[in-house]
Amino acid sequence: MTTPNFSRLPGFRDFPPEDFALRQHLFEAWRRASRRYGFLEYDGPPLEPLDLYVEKSGEEIVGQLYNFVDKGGREITLRPEMTPTLARVLGERSRGMAKPIRWFTVPQLFRYERQQRGRLREHFQWNADIVGEDSVSADADVVALAIDALRELGLTEKDFRARVSDRRLLTAVLREGLGVAEGRLGAAFGVIDRFRKMPPAAVVEKLESEVGLAPGAAEEAAKLFASLDLDGVAERFGGNAAVTAAAAPLTEYVAILRDMGLGDYVEVDLTIVRGLAYYTGIVFELFDTAGELRAICGGGRYDRLLELVGGEPLPAVGFGMGDVVLGELLADRGLVPPYRRAVDYFVVVIGEEQRAMAYRLAHGLRERGHRVVYALREQAVRKQFKAAETEGARAALVVGPEEAARDVVKLRDMKSGEEREVSVEELLAGTVGVPSADDTAGSGPGTASSAAGAAP
Ligand code: HAM
């Protein structure tokens, strides 16, 4: 008989506590940063109708869907990204809501990708979006939020950069500045998007064959995009009114980020296009400065998506930041906090006659918010102290026969080894002992709604 193989699916992860701790560390930083910027947490269903993504997300994501037909005959899919869900949810309820709407979420997403460093088939992605505001300060606020969350995790301008661009400016440069025909703009976006992933000769070849530029012009365009920033645009296309006008929002955006003191984190790079189809304006990606990893985060403005999914025509801007690349970057920089088990008290029972008192004490302390464990079966005292160490207890409470008779216990500070006698009454009143460590920060209230549809 062969043993069945129940191994994990490729591209999926288990999260034993020591790995879960890093995930929680990221989530807590994301949630704290979101709240500082006034964002409210929401969620949606992990399964969505297939149609929500087809056309709206773009070919790349649609090719990676985990889709199937459900028992009610519906074409559905595991969510590969959150933005269409946000558009759908707001499409149903945004009328009458105060604008701007600032919402964030941390969903698990599924894409059938080729597994490689930084890319898995599931990941958690922090999304923060501002809906109902088209001013550039909304664009600046979301990228500032993404930057601040990374700073909070210990990363600095030495570690990462926001590469920013604007699809409207890129369109103006291509059409007005370089004479790309209207019908070839999509192809030009595709080539620019892959600019940094291809050797220069291949870029030139594609600009000729796919975009229709003449050989000399293609070479010039390839050189230009390699380092085109706002000064470069002004220098090269300053005389062109359409290009100058298209550069205004990005110029204002960079100025706002400088005013915030985040200028060192921002780099204009017109080769940032974003693969997703729905972006309409400023777009950005965060990258490690060493250039070793894939994008940490990506986002931008998408002013037509809500209308496309049947809602109010509302402008929107936001980003998604995944846990995979970020976890790798923190590990590379030595910024993953050491994994530590921690409880407040380990109750040590000297003899089984004291067990009843131990239960009363442990439960009383737990009711008061302390983290308490004890041996679940009779065990040598030496072993119990060993277990207290393994559990990371800050103090052991030793319940012995002589102490039990007086309703006191011995409190041993596990770090210093010092022992003193304390009364059970004082312990439960919280006037002695170790202060309760509050490790619940970050588990915020969700505002998820439950619009259950009709059963099949
Ligand atoms: P995206 O660029 O597809 O954007 O994903 C955003 C981030 O999620 C990436 O930069 C990366 O960190 C992470 N990510 C994506 N796919 C994977 C994967 N297979 N494995 C690990 N990490 C991954 C979006 O999804 C947009 N919906 C973001 C957005 C929100 N735009 C506006 N609002």
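Summary of computed values
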read-out	value
Amide H contacts of Val336 (H built 1.01 Å from N, under 5 Å, at least 5 apart or other chain)	none
Residue-by-residue Karplus 3J(HN,Hα) for region 45-53, coefficients 6.51, -1.76, 1.60, Hz, glycine and proline x	x, x, 10, 9, x, 3, 4, 4, 9
Sites Arg32 and Glu205 - FRET efficiency at Förster radius 41 Å, r taken between beta-carbons, to 0.05	0.30
Linear extension gain, Lys386 paired with Glu75, 0.36 nm per residue minus alpha-carbon span	106.4 nm
The chain: relative contact order in percent, alpha carbon pairs under 8 Å with at least 6 residues between	18 percent
Computed FRET value (nearest 0.05) for His363 with Phe20, which takes r as the C-beta separation and R₀ as 25 Å	0.40
Amide H partners (placed H, <5 Å) of Val266, local residues excluded	Ala162
Candidates per trypsin sites (Lys or Arg not before Pro) in region 154-202, loop by DSSP, up to 16 other Cβ within 10 Å	Lys158, Arg194
Å² of accessible area per residue within the chain, as computed with a 1.4 Å probe and no ligands counted	49 Å²
Which of Ile101, Trp30, Ser135, positive extreme of dipole for the chain (C-beta unit charges)	Trp30
Nearest-20 debye value, the chain charge dipole, Cβ charges on Lys, Arg, Asp, Glu	860 debye
Sites Ala290 and Val434, calculated FRET efficiency, Cβ-Cβ separation with R0 30 Å, nearest 0.05	0.10
If the convex hull is drawn through the Cα atoms of the chain, its volume per residue in Å³	226 Å³
CD proxy at 222 nm, helix term only [per DSSP H run n ≥ 4: -39500 (n - 2.57); per residue of the chain; nearest 500]	-10500 deg cm²/dmol
Residue (of Pro45, Gln64, Leu153) at the positive-pole extreme of region 17-332, dipole from beta-carbon charges	Pro45
Region 75-130: trypsin sites (Lys or Arg not before Pro) in DSSP loop, at most 15 other beta carbons within 10 Å	Arg95, Arg114, Arg117
Solvent-accessible area, 1.4 Å probe, carbon plus sulfur percent, for region 17-332	49 percent
Test item: Cα-centred dipole of region 1-84, Lys/Arg +1 and Asp/Glu -1 on Cβ, debye	360 debye
Loop sites in region 316-381: trypsin sites (Lys or Arg not before Pro), DSSP, at most 15 other Cβ within 10 Å	Arg340, Arg341, Arg368, Arg377
In Hz, Karplus ³J(HN,Hα) per residue of region 239-252 (6.51, -1.76, 1.60; θ = phi - 60°; x = Gly, Pro)	x, 9, 4, 5, 5, 4, 5, 6, 7, 4, x, 5, 5, 5
Spacing of the two label points (7 Å from each Cα toward its C-beta) at Ala214 and Met260, in nm	4.4 nm
Nitroxide proxy distance, nm - points 7 Å out along Cα→Cβ at Ala248 and Leu308	2.6 nm
Nonlocal amide H pairs with Ile282, under 5 Å, H built at 1.01 Å	Arg167, Arg301
Karplus 3J(HN,Hα) series, Hz, for region 389-403 with 6.51 cos²θ - 1.76 cosθ + 1.60 (x for Gly, Pro)	5, 4, 6, x, 5, 7, 8, 9, 10, 9, 9, x, x, 5, 5
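The values are calculated or read from the model by the stated rules, or taken from the named source; none is laboratory data. All values derive from a computational prediction rather than experimental measurement. Don't worry about glycine lacking a Cβ; one is built from the backbone with ideal geometry, like all the others, and counts go over all protein chains shown. Ligands, DNA and RNA are stripped out before the accessible areas are found, and what is left, the full protein with its side chains, is counted by its heavy atoms. Shrake-Rupley method; radii C 1.70, N 1.55, O 1.52, S 1.80 Å.
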